[in-house]
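The values are calculated or read from the model by the stated rules, or taken from the named source; none is laboratory data. On a predicted model such as this, the values are computed, not experimentally measured, just so you know. Here the Cβ positions follow ideal geometry from the backbone for every residue, glycine too, while neighbour counts run over all protein chains shown. Remember, those area values only see protein heavy atoms, side chains included, never the ligands or the DNA or RNA. Shrake-Rupley method; radii C 1.70, N 1.55, O 1.52, S 1.80 Å.
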Amino acid sequence: MKQSIPTYDLTDSTQHGILIERIEKRTMSTEDNLFDKGIHRDSHYIFTFLERGWAKMMVDFKTIEAQGSSVFFLLPGQVHEGILMENVSGWFIAVKADLLSDTVRSVFEESLIDIHPVSIDDNWVEKLSSCAEILKKSCTEEMLSSKEGFLVVRSLMNAFTGMYAMVFLSENNCEISTESRAVQLTRKFRILIRKEFKTMKSPSVYAGLLNISPGYLTEVIREVTGKSAQHWIHQEILIEAKRLLSFTQLTVKEIAYELGYNDHTYFSRLFSRTEGFPPSEFRDKNRRKK
């Protein structure tokens, strides 16, 4: 059991912020001890493109399964662990967030629904495979080390992830460009929470950052999501609390401090009120033995 959840950075593998790997008929499970990273976070995006096969993993307490031709991605900071890969062929791509376009990042980071694998047809398989192949051939040291070559690689990366965004938007029948102001504000609110929940706990503070009144923010968030603005702030706090309770040895008091609470008893009451049992009981039920 670690004192903190390990976070891996691409600088351990590449200085350029982009890593692409071709997977061919790979089969492995946690029992094979081949997932040597175990439970961890990554500071970068991960895009997984399955042409065929079956993959299973844990992402923030949810079991995610992808089978057949499908695409899936992980956001920076999500806690995850590989569970199983069975006869998987496809592509694995990791990229630093700052190398992606703002438009592409907005699709992934500001989603109002749960992230899940999306099945794709043969047409998308061909497009993504072709783009990934060109990207792989372009990711040479010679290309990445020159300014012009790096711009080419980055453009190819944005083309690949742009197609991912198109698949994701098509699956969820939404277009950011035609969304109402209420939905756009809700997206901005959600992305702000993900970045600032440790230091900003009040809806009124977020309303100020969005240049709207607290009352209007409350009205908009409830209209779009059916939940209050405070609910979504608490959700981000609680998911991080659950990660730390399950995967570290930090005490409840230390976790409260990590999440921005000087009064750990207040944090414990919030957790108990929302989850139905105290943090210590959640830890006993969910702690992973190592």
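General remarks:
- Calculated from backbone phi, Karplus (6.51, -1.76, 1.60) coupling profile of the stretch 79-88 in Hz, x at Gly/Pro: 7, 8, 8, x, 10, 7, 9, 10, 6, 8
- Length-normalised contact order for the chain - Cα pairs under 8 Å, 6+ apart - percent: 17 percent
- Relative to the longest principal axis of the Cα atoms of the chain, the long axis of helix 181-196 lies at roughly 80 degrees.
- Rounded to 10°, Cα long-axis angle of helix 229-247 versus longest principal axis of the chain: 70 degrees
- Computed over the stretch 82-212: relative contact order in percent, which uses C-alpha pairs under 8 Å that are six or more apart: 30 percent
- Förster radius 35 Å - calculated FRET efficiency between THR199 and SER13, Cβ distance, rounded to 0.05: 0.65
- Here the Karplus curve 6.51 cos²θ - 1.76 cosθ + 1.60, taken at θ = phi - 60°, turns the phi angles of the stretch 138-147 into couplings of 8, 7, 9, 4, 4, 5, 6, 7, 9, 4 Hz, with x standing for Gly and Pro.
- Value of Rg to Rh for the stretch 93-150 (Rh from inverse mean 1/r over Cα pairs, i.e. Kirkwood): 1.04
- Förster radius 35 Å - calculated FRET efficiency between MET166 and LYS253, Cβ distance, rounded to 0.05: 0.15
- In terms of Cα atoms, the Rg and Dmax of the chain work out to 20.3, 56 Å.
- Were the residues from LYS188 through ARG273 laid out at 0.36 nm apart, the gain over their Cα-Cα distance would be 27.9 nm.
- Ordering of 198-204, 54-60 by burial proxy (mean other Cβ atoms within 10 Å per residue, highest first): 54-60, 198-204
- Each peptide in 64-77, 209-222 receives the mean, over its residues, of other Cβ atoms within 10 Å, and ordering these scores from highest gives 64-77, 209-222.
- Rounded to the nearest 20, the size of the Cβ-charge dipole of the chain about its Cα centre is 900 debye, with Lys and Arg at +1 and Asp and Glu at -1.
- Helix-only mean residue ellipticity at 222 nm for the chain, each DSSP H run of n ≥ 4 adding -39500 (n - 2.57), per residue, nearest 500: -14500 deg cm²/dmol
- Inter-probe distance in nm under a simple model that places probes 7 Å from Cα toward Cβ, at THR218 and VAL152: 5.7 nm
- Averaging 1/r over every pair of different alpha carbons in the stretch 181-290 and inverting the result gives a Kirkwood radius of 14.8 Å.
- Accessible surface computed residue by residue for the stretch 88-243, with neighbouring protein chains in place and a 1.4 Å probe, gives 49 Å² per residue.
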